[in-house]
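Accompanying notes for the structure given below.
Readers should treat all values here as calculations from the given coordinates under stated rules, not as data from a laboratory. Predicted, not measured: the structure shown is a model, and the values here were computed from it. FYI the Cβ positions are ideal-geometry reconstructions off the backbone, even for glycines, and counts take in every protein chain you see.
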Amino acid sequence: MSVPATPTPLTKKQAYALVDAVMDKEGLALAASAHELASGEWVFEATCTQKPDLDLFAEISSKVLGGTLGLSTEPLPKTDWVEHSLKNLAPVVAGGFFIHGSHDVRPPAPAMVSVQINAGQAFGTGHHESTSGCLRALDRAIRHQVPKTIIDIGTGSGILAIAAAKRLGRQVLATDNDPKAVLVADENARSNGVDHLVETLLASSLDDTRIAASAPFDLIMANILAGPVIEMAPQIAKMAAPRATIIVSGLLERQVLRVTSAYLESGMVLRHQANLNGWSTLMFEVSV
């Protein structure tokens, strides 16, 4: 059962600050959002897959806003959310890729790479701005240089790894620290006919010896969250080949400066930034 926790009206700045803080706390909420009321006041809402930890929500609000908020909960009706989402899940076109579910059998436009991804337990259907931003960045990157060694960090559904494998016909290492995501990525690679090209790997960190054995990488993709992306910067620099392309996303526009600073300090140059509805995708190049 999913339960949204809704505090009293806030300012826009407060609401978005809570969204950032809650989504940075892994496992606390499935999703968090902020929206404006007719009165002009703002409300923060989080959807949880189980009974919400109201004490932790209160602790976060106290740190972010300097005071606790009144929280209310409302059970959502029992729904097969995957089936529900599929009904309105239209195909996505991004960077020459045609992303669709198995329920949609319409053919892609000529010269487009078709990738079948169903909504499920792992993130990445192409509908989120961070994923579509990465697909566009991938298309942009391989137009300038075809990578030989590729890794997708935090692969989720495997969408980026599969897209790269189908477009380039090359091996891609797809890693995640969630066993469910690895299983989903495996299944998606098989259904897209690239299981011989996409190698999935359950890895808790980039220090995994199996990742080191495949390095250095010419193309590194990481569509996760700002916090982990920043922490990974030094490690990503070490595992990158000279002139490698680094694509990172899962970032709010207000987080771009911190992420960029971390990668500049690690010896990279920002080559491109794309913003979509408040989300940013960054493309770096390793300087020599």
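Ranked by the mean number of other Cβ atoms within 10 Å of their residues, highest first, the peptides 255-261, 221-227, 203-209 come out as 221-227, 255-261, 203-209. Taking amide H positions as modeled 1.01 Å from N, with prolines and chain starts lacking one, the residues under 5 Å from ALA240 and 5 or more places away or on another chain are PHE217.
With a simple spin-label model that places each label point 7 Å from the Cα along the Cα-to-Cβ direction, the separation between LYS63 and ASP186 comes to 3.6 nm. Can you check what the net charge comes to around ALA111, using other residues whose Cβ is under 12 Å from the Cβ of ALA111 (Lys, Arg +1; Asp, Glu -1)? Around ALA111, the surrounding residues sum to 0. The Rg/Rh ratio for segment 122-286 is 0.92, where Rg is the radius of gyration of the alpha carbons and Rh is the Kirkwood radius. With R₀ set to 41 Å, the beta-carbon distance separating MET112 from LEU257 gives a calculated FRET efficiency near 0.75. The residues packed around LEU276, meaning those with a beta-carbon under 11 Å from its beta-carbon, carry a net charge of -1 if Lys and Arg are +1 and Asp and Glu are -1. Taking all Cα pairs closer than 8 Å and separated by 6 or more residues, the relative contact order of segment 122-286 comes to 23 percent.
Taking Cβ atoms as reference points and 14 Å as the exclusive limit, the residues near GLY193 contribute a net charge of 0, counting Lys and Arg as +1 and Asp and Glu as -1. Over segment 244-288, Cα pairs under 8 Å with separation of 6+ residues give a relative contact order of 51 percent. Annotation: peptides 128-134, 144-150, ranked by per-residue average of other Cβ atoms within 10 Å with the highest first, follow the order 128-134, 144-150. Between the beta carbons of ALA212 and ARG170, assuming R0 = 25 Å, the FRET efficiency works out to 0.80 to the nearest 0.05. With 25 Å as the limit, the listed pairs LYS180/LYS238; LYS148/LYS238; LYS51/LYS180; LYS25/LYS63; LYS13/LYS63 have LYS180/LYS238 beyond it between alpha carbons.
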